[in-house]
Amino acid sequence: ASVIISEYYGAREMQGLKYEVSTIFIAGSIFAIIVSALFYIFAEPINILIMTQQEYSEMYAIIGAAMEVHQQLGRGLSEAIYQESLALELKKRDIQLEQEKQLSLYYKGEVLKKKYYVDMYYNGLIIELKSTDHIISEHRAQLFNYMRISKTARGVLINFGEKSSRAERYLLNLSSRE
């Protein structure tokens with residue numbers, strides 16, 4: 001657009017210049033209205049997914065402890081060894097989490113008799129551990145499903161089986177669920 005305006009200005013064609021400037025102004029105004037409308041529509045769902053500073057700090061403290069465990073043990077061990085080691089590392093950091101915590105599951109607002117035992121749980125955060133060559137979509141789906149049916153908004157998937165430990169953080173919008 002600026003090239004066209006420059007050409008009109010250089011050729012002293014004021015009618016074409018006025019037309020291009022007004023077109024850009026109208027297009028910019030329409031774009032601003034659309035962006036404002038999208039912000040208005042999506043602002044609440046986005047705000048729901050924003051973690052507090054404390055939640056953010058807790059999640060990163062756990063990931064940092066997992067990195068320390070991986071640095072000490074390396075890769076290739078069983079999940080149970082990493083789970084116990086991570087629990088010890090977190091205890092040294094004054095983070096008291098629960099291992100094999102039983103979570104209630106829900107179906108259409110009703111609590112199910114069947115229970116789920118999460119690898120590790122801390123203050124509204126499901127910690128799912130893996131010891132595999134790489135994280136695959138089924139691992140993510142497992143965590144997402146556990147978060148959804150236990151109505152837990154935060155989850156972290158930690159894999160000790162890769163060359164460097166890998167952690168993926170997830171937030172789930174629970175307000176759109178029953």
Would you grab the residues whose amide H sits under 5 Å from the one on Glu162? Only those 5+ places off in sequence or on another chain, please, with H modelled 1.01 Å from N.
Thr132
The chain, accessible area per residue, ligands and nucleic acids excluded (1.4 Å, Å²)
66
May I ask you to list the lysines whose Cα is less than 24 Å away from that of Lys130, ignoring any residue fewer than eight positions away on the same chain?
Lys91, Lys92, Lys101, Lys114, Lys115, Lys151, Lys163
Computed helical MRE - 222 nm, the chain, DSSP H runs ≥ 4 contributing -39500 (n - 2.57), nearest 500:
-18000 deg cm²/dmol
Contact order relative to length of the chain, as percent, for alpha carbon pairs under 8 angstrom and 6 or more apart
17
Can you give me the angle between helix 53-73 and the longest principal axis of the chain, using Cα atoms only, in degrees from 0 to 90, rounded to the nearest 10?
60
If you line up the long axis of helix 137-150 against the longest principal axis of the chain, both from Cα atoms, how many degrees apart are they, to the nearest 10?
80
Please report the base-10 log of the normalised intensity I(q)/I(0) for the chain, using a Debye sum with one equal scatterer per alpha carbon and no solvent, at each q in 0.08 (1/Å).
-0.43
Considering only protein heavy atoms and a 1.4 Å probe, what is the carbon-and-sulfur percentage of the accessible area of the stretch 115-178?
44
Given the C-alpha centroids of the stretch 61-109 and the stretch 117-178, what is the distance between them in whole angstrom?
12
The equivalent-ellipsoid semi-axes of the stretch 38-134, taken as the square roots of five times the Cα gyration tensor eigenvalues and listed largest first in whole Å, are 28, 20, 14
Over the stretch 99-147, how many percent of alpha carbon pairs lie in each 10 Å bin up to the one with the longest distance?
23, 50, 24, 3
Placing one identical point scatterer on every Cα of the stretch 111-178 and ignoring solvent, what is log10 I(q)/I(0) from the Debye formula at q = 0.12, 0.23 Å⁻¹?
-0.31, -1.00
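The values are calculated or read from the model by the stated rules, or taken from the named source; none is laboratory data. Not measured: the values here are computed from a predicted model. We work out accessible area using only protein heavy atoms, side chains counted, and drop any ligands, DNA or RNA first. Shrake-Rupley method; radii C 1.70, N 1.55, O 1.52, S 1.80 Å.
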